[in-house]
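Presented below is the structure to which this report refers.
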Amino acid sequence: MRIMALDVGSRTIGIACSDALLMTAQGIETIRRTSLENDFKRLSELISEYEVHELVVGMPKNMNGTKGERAEKTEEFVGKMKEVIDLPITFWDERLSTVMAERQLIAADVSRKKRKDVIDKMAAVVILQGYLDRLQFSKS
C-alpha cells in the first residue's frame, strides 16, 4: 500500500506517490484539469494502479499561516473529491514547496521549458517527502 500526494492548482494537479515502504516519494504525473469529473476519474485510476491507501493534499497557506483564497479552493476540491474517492485524506502545509521544487530542478540543470512541464509534479514530491519524513521520525 502506498501514499499519494496531490498539489492541487487551478489548472493542474501534481501527483506523487510513495514507494511501498513509505520512505521515498516519486513524481507520477501532472493532470491538466478539464472538469472535476475527469480530474476524479484520472485520480481514481492512479489510486487503483498504485494501490494507494491514503492521500496527502498540499494546503497552500499564506506565509503567516492563515488560509487564503487558494486554500479555500483546495478545501472545496477535497470536499467534492471525498464524495467519489473513499480514502483517508491528510492536509499538509505546502508553503514554499514549489520554490523548493524549482530550486531542485535548477540545480539539476533542467531547462526552463521542461521545469514548467514538471514543476507541479515535483511540488507534489516535496509535499509527500515531507509527510513521509514525519512518519519515519514519529516511528523512531
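Per-residue answers, yes or no, for (1) surrounded by 12 or more Cβ atoms within 10 Å (Cβ to Cβ); (2) more than 14 Å from the chain's Cα centre (by Cα); (3) among the hydrophobic types (A, V, I, L, M, F, W, C):
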{"site": "Asp39", "(1), (2), (3)": "yes, no, no"}
{"site": "Leu46", "(1), (2), (3)": "yes, no, yes"}
{"site": "Glu51", "(1), (2), (3)": "no, yes, no"}
{"site": "Leu55", "(1), (2), (3)": "yes, no, yes"}
{"site": "Pro60", "(1), (2), (3)": "yes, no, no"}
{"site": "Thr66", "(1), (2), (3)": "no, yes, no"}
{"site": "Ala71", "(1), (2), (3)": "yes, no, yes"}
{"site": "Thr74", "(1), (2), (3)": "yes, no, no"}
{"site": "Val78", "(1), (2), (3)": "yes, no, yes"}
List, please: which pairs have Cβ atoms under 6 Å, are six or more places apart or on different chains, and start with a residue in the range 17-39 that is under 18 Å from Glu49 (Cα atoms) and touching a residue at least 24 places away in the same chain (Cβ under 8 Å) and end with one that is charged (D, E, K, R) and part of a loop (DSSP other than H, G, I, E, B)? Asp39/Arg33
I'm checking my understanding of the structure. Among residues of the range 99-136 that are surrounded by 15 or more Cβ atoms within 10 Å (Cβ to Cβ) and of a type in the set (D, E, K, R), which one is modelled with the highest pLDDT? Lys121
Conditions (1) in contact with an Asp or Glu (Cβ under 6 Å, 6 or more places away or on another chain); (2) closer than 23 Å to Asp133 by Cα; (3) surrounded by fewer than 17 Cβ atoms within 10 Å (Cβ to Cβ) -> Leu21 fails only (1)
For the range 85-98, does any single residue satisfy the condition of being buried (at least 20 other Cβ atoms within 10 Å of the Cβ) and at pLDDT below 70? yes
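Got a sec? Which of Leu46, Leu55, Leu6 is touching a Gly at 6+ places or on another chain (Cβ under 9 Å) and either under 16 Å from Arg134 (Cα atoms) or modelled with pLDDT of 95 or more (or both)? Can you show your working first?
On the way: Leu46 fails: touching a Gly at 6+ places or on another chain (Cβ under 9 Å); Leu55 fails: touching a Gly at 6+ places or on another chain (Cβ under 9 Å).
Exactly one of Leu46, Leu55, Leu6 is touching a Gly at 6+ places or on another chain (Cβ under 9 Å) and either under 16 Å from Arg134 (Cα atoms) or modelled with pLDDT of 95 or more (or both), namely Leu6.
The values are calculated or read from the model by the stated rules, or taken from the named source; none is laboratory data. Values in this document were obtained by computation on a predicted structure and should not be read as measured data. All Cβ positions, glycine included, derive from the backbone under ideal geometry; neighbour counts span all protein chains shown.
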